[in-house]
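The values are calculated or read from the model by the stated rules, or taken from the named source; none is laboratory data. Not measured: the values here are computed from a predicted model. Backbone-built Cβ (ideal geometry, glycine too); neighbour counts: all protein chains shown. Accessible surface is based on the protein model in full, side chains and every heavy atom, while ligands, DNA and RNA are left aside. Shrake-Rupley method; radii C 1.70, N 1.55, O 1.52, S 1.80 Å.
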Amino acid sequence: QVQLVESGGGLVHPGGSLRLSCAASGSIGTIAAMYWYRQAPGKQRVLVATITSGASTSYVDSVQGRFAISRDNAKNTAYLQMNSLEPEDTAVYYCNADVRLQGTLTIKNCWGRGTQVTVSS
């Protein structure tokens with residue numbers, strides 16, 4: 001079993017910053033790519049940022065230049081630094097990861113439960 005737990009969400013004013021964390025635990029061999037998704041009320045879940053095992057990153061256009069994804073492989077943790085936040089960034093943010101299970105060649109795609117980010121004055 002693998003668990004992903006997000007933290008760091010909250011209420012912030014427009015223009016503010018938050019740093020989200022995603023900690024993976026359990027029967028982890030290695031973690032390949034890690035992802036941050038978000039889902040706004042009444043909308044579909046969308047991919048926001050990706051980081052590969054080699055630390056290559058990519059972003060959806062709407063957050064490019066404002067958000068930064070990173071990871072600490074020793075801690076099995078990914079981060080999402082969010083700057084210059086806008087009301088349109090309000091959503092539940094979910095962590096997702098491709099995890100090779102310990103002692104196997106099985107790759108499992110895992111989800112966290114999400115953390116709420118609200119940007120409002």
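Which residues, counting only those in the range 94-111, are open to solvent by 50 Å² or more (accessible area, probe 1.4 Å) and assigned to a strand (DSSP E or B)?
Arg100, Ile107, Lys108, Asn109, Trp111
What number of residues in the range 28-42 are within 20 Å of Leu18 (Cβ to Cβ) and not in a strand (DSSP E or B)?
2
Would you check if Gly54 is within 16 Å of Thr90 (Cα to Cα) and exposed (fewer than 11 other Cβ atoms within 10 Å of the Cβ)?
no
I need every pair where a residue in the range 81-97 that is closer than 15 Å to Val63 by Cα and at pLDDT 95 or above has its Cβ under 8 Å from the Cβ of a residue that is open to solvent by less than 10 Å² (accessible area, probe 1.4 Å) and not in a strand (DSSP E or B), sequence separation at least 6 or different chains.
Going by the 8 Å Cβ cut-off, the qualifying pairs are Met82/Val63; Met82/Asp89; Asp89/Val63.
Residues in the range 61-77 that are over 28 Å from Gln1 (Cα atoms), among the aliphatic types (A, V, I, L, M) and open to solvent by 10 Å² or more (accessible area, probe 1.4 Å): how many?
1
Tell me which residues, restricted to the range 49-85, are over 26 Å from Gly29 (Cβ atoms) and aliphatic (A, V, I, L, M).
Answer for the range 49-85, where residues must be over 26 Å from Gly29 (Cβ atoms) and aliphatic (A, V, I, L, M): Val60, Val63, Ala68, Met82, Leu85.
Would you check if there is a residue in the range 24-41 being within 11 Å of the chain's Cα centre (by Cα), open to solvent by 60 Å² or more (accessible area, probe 1.4 Å) and not aliphatic (A, V, I, L, M)?
no
Specify which of the listed residues (Leu80, Leu47) is surrounded by fewer than 17 Cβ atoms within 10 Å (Cβ to Cβ), assigned to a strand (DSSP E or B) and under 10 Å from the mean Cα position of the chain (by Cα).
On inspection, the qualifying residue turns out to be Leu47.
Against the conditions (1) among the β-branched types (Val, Ile, Thr); (2) open to solvent by less than 30 Å² (accessible area, probe 1.4 Å); (3) free of Cβ contacts under 8 Å to residues at least 60 places away in the same chain, where does Val12 fall short? Just the number, please.
The failed condition is (3).
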